[in-house]
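Asks: Below is a structure I'd like to ask you about.
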Amino acid sequence: MHGRNNGKKLKAVTIVKHAMEIIHLLTDQNPIQVIVDAVVNSGPREDATRIGSAGVVRRQAVDISPLRRVNQALYLLTTGAREAAFRNIKTIAECLADELINAAKGSSNSYAIKKKDEIERVAKANR
């Protein structure tokens, strides 16, 4: 998505494979089910959008479509893994596995869960 790893599909596939192996070793669960749970738990349900009327711009809470929920969840999960691996001894696959496991549990250690809660809190304030 950013920087020197942009456009390297083979590298991304190997990272996901290693992350799935790590998830299986740590949790003894089906890694696909862990990924599905992580995406479901980290997708925000509502968001605040900017609505301008008569020169006044204000924020209004809106529901998020299912496709955008999935896209937002995947974005938050990958961003969390990337930030955790930056300047760290752990590999990106280990960080991705940790992020997915924490998000599947609904743990607040997950970057994606924290951001989802923040997005929903802002939307709730702008209802």
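Asks: Please give the peptides 21-29, 4-12, 103-111 ranked by average Cβ packing (other Cβ atoms within 10 Å per residue), highest first, as a rough proxy for protection.
Replies: Descending mean neighbour count gives 103-111, 21-29, 4-12.
Asks: In deg cm²/dmol, rounded to 500, what helix-only [θ] at 222 nm does the chain give when every DSSP H run of at least 4 residues adds -39500 (n - 2.57) and the total is split over its residues?
Replies: The helix contribution divided over the chain gives -21000 deg cm²/dmol.
Asks: Would you mind calculating the gained length between ARG121 and LEU25 on full extension (0.36 nm times residue separation, minus the Cα-Cα distance), in nm to one decimal?
Replies: Once the chain is fully extended between ARG121 and LEU25, it gains 31.1 nm.
Asks: Let me ask something else about it. How large is ³J(HN,Hα), in whole Hz, for each residue of region 27-42 in order, when computed from phi with the Karplus curve 6.51 cos²θ - 1.76 cosθ + 1.60 and θ = phi - 60°, using x for Gly and Pro?
Replies: Per-residue couplings from phi come out as 10, 6, 10, 5, x, 5, 5, 5, 5, 4, 4, 5, 5, 5, 6, 9 Hz.
Asks: Charges on Cβ only, +1 for Lys and Arg, -1 for Asp and Glu, centred on the Cα centroid of the chain; of SER108, ALA123, ALA12, which one is farthest towards the dipole's positive end?
Replies: ALA123
Asks: Separate question: Assuming a viscosity of 0.890 mPa s and a temperature of 25 °C, what translational diffusion coefficient in µm² per second does Stokes-Einstein assign to the chain, Rh being the Kirkwood radius over Cα pairs?
Replies: 156 µm²/s
Asks: Quick one: net charge around LEU77, please, counting Lys, Arg +1 and Asp, Glu -1 for every other residue with C-beta under 13 Å from its C-beta.
Replies: Around LEU77, the charge tally is +1.
Asks: Angle, helix 92-105 long axis vs. longest principal axis of the chain, Cα atoms, 0 to 90°, nearest 10?
Replies: On a 0 to 90 degree scale, this one is about 60.
Asks: Would you tally the net charge around ASP47, using a Cβ to Cβ cut-off of less than 9 Å, leaving ASP47 out, and scoring K and R as +1, D and E as -1?
Replies: Taking every other residue near ASP47 into account, the sum is -1.
No lab work stands behind these numbers, since they all come straight from the coordinates. None of the values given here were measured: they were computed from a predicted structure. Note that each Cβ is placed from the backbone with ideal geometry, even for glycine, and that neighbours are counted across all protein chains shown.
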